[in-house]
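Written out below as C-alpha cells is the structure these notes cover.
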Amino acid sequence: METVIAPFAKTSSQITEPTLQTMLLAECQYLSQSLANCLVMVRQLYPLVSADVALFSVTDDRLQVLLVRREQEPAAGLWALPGAILQPQGDADLEVTARRALREKISVEVPYLAQLRTFAGAARDPRGWSLSVLHCALLPRDQVQAVVRSSVDRVQWCDADAPGERLAFDHAQQILWARTALRQRIQDHALPLHLMPERFTLTQLQRVCEAILSPGPAQRFRLDKGAFRRRFAKSPDIVEVPGAFEHGAQRPAQLFQVAPGFRF
C-alpha cells in the first residue's frame with residue numbers, strides 16, 4: 001500500500017515561524033483537496049436523492065398548485081415545488097422526506113400523499129447526478145395556511161395548467177405529470193374527497209371534479225349533472241349527514257361527508 005505523506009514532515013527544531021505559516025497553509029490546502037476528492041467519490045457512488053411535492057387545491061373552480069420561491073442556490077430566486085433532500089439517518093423512506101419538506105418549508109401537514117414517479121439524470125440539477133421522487137398531495141384551500149419557513153422566501157398558488165412562472169430544475173415537467181395523473185384518477189371515477197370541506201353538497205363535489213378535468217384556464221369541462229348524481233349519490237365513499245342541508249335559492253341540498261376508511 002502506498003504511503004501518503006502530508007506536508008508536515010519536519011521536526012519542531014527545524015521550524016521557524018514563517019516556515020510554520022507556510023506549512024500550515026500547505027496542510028490546509030492538502031486537507032481541502034483531500035476532502036474535495038472524497039466528495040467527488042461520494043457523488044459518483046451516491047447521487048443526490050430528494051422528494052418533491054405537487055400540492056393541489058381548488059379555488060374559484062380552478063385547480064391550483066402551490067409553489068415556493070427558492071432562497072438558496074442552486075436556482076435561487078426561481079419558483080419550485082416544495083422539496084427536500086433525503087436524510088438517510090432520519091428519513092425512513094421518501095414519503096417521510098416529502099412530508100418533512102412540507103412541514104419544514106411551508107408548515108403544512110397533509111392526510112393524502114402518494115408517490116407518482118421518479119425523475120433522474122445528470123443534467124437536471126447543477127450539483128450533479130440526481131434523482132427526485134415526485135409526490136402528489138391534496139388539501140382543501142381553507143386548510144392550507146402555508147407560511148414561509150426554511151429555505152424559501154415566498155409561497156404562492158398558481159394555476160396548475162399555466163403556472164406563469166419560470167420554474168427551477170425540471171419542476172414544470174413534474175407539475176405536468178402530476179396534473180395528468182390526477183386527471184386520469186378522476187376519469188377512472190375516483191372521487192377527490194381530500195379536496196372537499198368537512199361537509200359538502202353533490203354540486204360542490206361535481207364542480208371540483210370539473211375543475212380537475214378541465215384541460216386549461218380557458219376551457220371549462222362540464223359533467224352531466226344527472227349522470228353524476230346517479231353515479232355517485234350512492235357511492236360507498238360518501239355518506240349523507242342526517243338532517244343537514246345547505247339552503248339557497250333552490251331547494252335545500254343534502255350535505256355529505258367522507259365515509260370512514262376512504263382511500264383515494
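The values are calculated or read from the model by the stated rules, or taken from the named source; none is laboratory data. Bear in mind the structure is a predicted one, so any value in this text is a computation, not a measurement. Virtual Cβ from ideal backbone geometry, glycine too; neighbours counted across all protein chains shown. Accessible surface areas use protein heavy atoms only, side chains included; no ligands, DNA or RNA. Shrake-Rupley method; radii C 1.70, N 1.55, O 1.52, S 1.80 Å.
For this structure, a couple of remarks:
- Pairs, first surrounded by 22 or more Cβ atoms within 10 Å (Cβ to Cβ) in segment 174-185, second among the charged types (D, E, K, R) and modelled with pLDDT of 95 or more, C-beta under 8 Å, six or more apart: Gln174/Asp52
- Count of segment 42-56 residues, restricted to those that are among the β-branched types (Val, Ile, Thr) and either at pLDDT below 50 or surrounded by fewer than 16 Cβ atoms within 10 Å (Cβ to Cβ) (or both), is 1.
- Among the conditions (1) in contact with a Leu (Cβ under 6 Å, 6 or more places away or on another chain); (2) in contact (Cβ under 8 Å) with a residue 60 or more places away in the chain, Gln206 misses just one, which is (2).
- Flag for Pro192 being out of contact with any His (no Cβ under 6 Å at 6 or more places or on another chain), touching a residue at least 40 places away in the same chain (Cβ under 8 Å), exposed (fewer than 15 other Cβ atoms within 10 Å of the Cβ) and more than 18 Å from Leu78 (Cα to Cα): no
- Failed condition for Glu27, given (1) assigned to a helix (DSSP H, G or I); (2) crowded, with 16+ Cβ neighbours inside 10 Å; (3) modelled with pLDDT under 95: (2)
- Being hydrophobic (A, V, I, L, M, F, W, C) and at pLDDT 95 or above holds for only one residue in Leu102, Leu39, and it is Leu102.
- Within segment 128-156, residues that are without any contact (Cβ under 8 Å) to a residue 40 or more places away in the chain and closer than 13 Å to Glu109 by Cβ sit with their Cβ atoms under 9 Å from residues that are open to solvent by 40 Å² or more (accessible area, probe 1.4 Å) and among the small types (Gly, Ala, Ser), at 6+ positions apart or across chains, in these pairs: Gln145/Ser107.
- Residue count for segment 117-157, restricted to those that are open to solvent by less than 60 Å² (accessible area, probe 1.4 Å), in a strand (DSSP E or B) and under 29 Å from Asp61 (Cβ atoms): 9
- When Asp170 is tested against the conditions (1) more than 19 Å from Leu113 (Cβ to Cβ); (2) among the charged types (D, E, K, R); (3) open to solvent by 30 Å² or more (accessible area, probe 1.4 Å); (4) touching a Lys or Arg at 6+ places or on another chain (Cβ under 9 Å), the lone failure is (3).
- Here Arg222 does not qualify as charged (D, E, K, R), surrounded by fewer than 15 Cβ atoms within 10 Å (Cβ to Cβ) and within 16 Å of the chain's Cα centre (by Cα).
- A search for C-beta distances below 6 Å between a residue of segment 217-234 that is closer than 18 Å to Ala253 by Cα and in contact (Cβ under 8 Å) with a residue 12 or more places away in the chain and any residue that is surrounded by 14 or more Cβ atoms within 10 Å (Cβ to Cβ) and not hydroxyl-bearing (Ser, Thr, Tyr), counting only pairs 6+ apart in sequence or on different chains, returns Phe228/Gln206; Arg229/Leu202.
- Subset of segment 179-232 [assigned to a loop (DSSP other than H, G, I, E, B), closer than 17 Å to Glu246 by Cβ and polar (S, T, N, Q)]: Thr201
- Residue count for segment 76-116, restricted to those that are in a strand (DSSP E or B) and farther than 14 Å from Asp52 by Cα: 1.
- Residue list for segment 218-264, restricted to those being closer than 23 Å to Gln187 by Cα, touching a Leu at 6+ places or on another chain (Cβ under 7 Å) and of a type in the set (Asp, Glu): Asp237
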